[in-house]
1. Checking K301 against (1) open to solvent by 20 Å² or more (accessible area, probe 1.4 Å); (2) under 27 Å from Y250 (Cβ atoms), only one condition comes out false. Which one?
2. Identify the single condition in (1) surrounded by 15 or more Cβ atoms within 10 Å (Cβ to Cβ); (2) at pLDDT 95 or above that G215 does not satisfy, given that it satisfies every other one.
3. Can you spot a residue in the range 342-355 that is surrounded by 15 or more Cβ atoms within 10 Å (Cβ to Cβ) and either among the acidic types (D, E) or at positive phi (or both)?
4. Filter the range 218-243 down to the residues that are open to solvent by less than 70 Å² (accessible area, probe 1.4 Å) and out of contact with any helix residue (DSSP H, G or I) (no Cβ under 7 Å at 6 or more places or on another chain) and list them by number.
5. M308 passes all but one of (1) in contact (Cβ under 8 Å) with a residue 40 or more places away in the chain; (2) surrounded by fewer than 20 Cβ atoms within 10 Å (Cβ to Cβ); (3) more than 21 Å from N346 (Cβ to Cβ); which number fails?
6. Could you check, for the range 331-341, whether at least one of its residues is without any contact (Cβ under 8 Å) to a residue 24 or more places away in the chain, open to solvent by 60 Å² or more (accessible area, probe 1.4 Å) and either on the phi > 0 side of the Ramachandran plot or under 19 Å from the mean Cα position of the chain (by Cα) (or both)?
Amino acid sequence: MKVLLVGEFSKLHNNLQNGLQKLGVDVTTANFGDFFKKFHSDIKLIEIPRGKKYNLLRNEYSKYIYNKFIKYDVVQFVSERQLCANYGFEKYLPVCLVKNAKLSVLLLAGCNYQFSVADKVVPITPCAECLKYDKRNKYGCEHRYNHETRKLDYAMQKNVDVIVPTAYEFFMCNQNSEFKEKIAEPIDFPIVINKEKKYYFNKKLIVYHPLNREGAKGTVMIKRAFQVLQKKYVNQAEFIIKGHMPFNEYNKFMKSVDILVDEKNCLTFGMASLMAMESGKIVITGNYREKISCDEYQFIKEAPAFEMGTTVEQIVNNISDVIENRQQFTNLAKQGHDFVAKYYDNRMIAEKFLDLYERKLYEKKTGKSY
């Protein structure tokens with residue numbers, strides 16, 4: 001079986017490729033590197049400018065990509081917009097690929113229309129602060145109000161063979177989707193599990209918040225909390241906010257970090273939080289995990305991650321509580337590694353994807369249930 005993984009979000013497809021390769025699957029990645037993060041890609045996609053003088057180049061490049069990608073047994077997209085016109089491809093390309101591929105798979109792993117209205121089904125989302133601080137768009141969220149974006153989201157979901165939610169929020173906000181009959185059981189983010197090691201923490205703790213999409217992640221409020229905390233713990237901890245780093249640089253920096261303060265506007269864990277837990281970091285992220293009610297995600301409550309809070313005062317108090325209890329860090333580090341190994345091991349996640357690919361290919365080819 002030959003599998004093509006199109007697009008990249010925070011190392012999701014790179015980690016899945018690693019897991020599938022452990023199972024002997026022939027896997028190729030094709031992406032832009034997730035832009036400034038500069039992740040690996042076997043096929044490096046090129047962004048063609050949108051001006052009329054590039055029409056011929058854009059048309060020929062889109063034909064080339066289509067003819068190359070359609071040869072794979074499975075073509076999987078990390079989101080609806082990975083080959084969209086905004087990145088210099090012809091409008092027809094992504095929909096033609098999902099319609100004509102032997103098997104097409106779409107992950108629910110980022111923003112789309114359903115996620116833009118997720119506040120109807122989950123208690124916290126990044127949308128309000130994203131619009132206020134990130135988009136600054138008088139027309140609102142592009143996934144909700146931009147005609148071309150909504151049209152592409154709809155066409156991709158209508159024509160793809162199978163849709164896979166990757167986290168609780170994406171699972172819940174698509175429960176009433178028009179295409180819910182295509183939605184498979186959720187499959188979690190894949191994390192590479194390394195051999196467990198001894199855990200050490202700096203005498204002066206390094207508390208770090210990654211800077212990327214300030215509104216969506218809740219950075220504005222976290223900055224204010226860090227200003228208070230730096231004065232409170234001037235000798236015990238250093239509070240750092242920085243980001244927009246290539247992944248290799250980020251990963252090297254993370255080795256020096258003791259506490260990761262990740263996202264405020266979520267319930268479950270993003271890739272950064274999971275990778276940090278796997279490596280033995282203390283993680284503070286998200287809110288309202290006690291409100292997770294569906295059976296598929298009850299395991300999230302087992303995580304030794306601390307909730308952040310939704311106000312500056314709560315964030316200050318919650319981070320303070322963690323710092324004041326550093327004697328628990330070694331035990332928490334081990335628990336975090338074991339939690340990620342139990343539920344997110346990329347080989348185990350790859351087995352779930354491979355089973356899905358085999359079943360859906362068989363059903364599509366024969367018209368019979370697997």
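1. Exception for K301: condition (2).
2. (2)
3. The answer is yes, given that some residue of the range 342-355 is surrounded by 15 or more Cβ atoms within 10 Å (Cβ to Cβ) and either among the acidic types (D, E) or at positive phi (or both).
4. Correct list: T219, F226, Q230, I240, G243.
5. (2)
6. No, because not a single residue in the range 331-341 is without any contact (Cβ under 8 Å) to a residue 24 or more places away in the chain, open to solvent by 60 Å² or more (accessible area, probe 1.4 Å) and either on the phi > 0 side of the Ramachandran plot or under 19 Å from the mean Cα position of the chain (by Cα) (or both).
One line per residue, one yes/no per condition, for (1) open to solvent by less than 20 Å² (accessible area, probe 1.4 Å); (2) among the aliphatic types (A, V, I, L, M):
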| residue | (1), (2) |
| --- | --- |
| L131 | no, yes |
| G140 | yes, no |
| E148 | no, no |
| K151 | no, no |
| K158 | no, no |
| V164 | yes, yes |
| Y168 | yes, no |
| K182 | no, no |
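Residues checked against (1) surrounded by fewer than 20 Cβ atoms within 10 Å (Cβ to Cβ); (2) touching a residue at least 12 places away in the same chain (Cβ under 8 Å); (3) in contact with a His (Cβ under 6 Å, 6 or more places away or on another chain); (4) within 23 Å of R150 (Cβ to Cβ):
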position	(1), (2), (3), (4)
L23	yes, yes, no, no
D26	yes, yes, no, no
F32	yes, yes, no, yes
P49	yes, yes, no, no
Y54	yes, yes, no, no
Y61	yes, yes, no, no
I65	no, yes, no, no
K71	yes, yes, no, no
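The values are calculated or read from the model by the stated rules, or taken from the named source; none is laboratory data. None of the values given here were measured: they were computed from a predicted structure. Positions of Cβ are backbone-derived with ideal geometry, glycine not excepted, and every protein chain shown enters the neighbour counts. Protein only, heavy atoms only, side chains kept; ligands, DNA and RNA dropped before computing areas. Shrake-Rupley method; radii C 1.70, N 1.55, O 1.52, S 1.80 Å.
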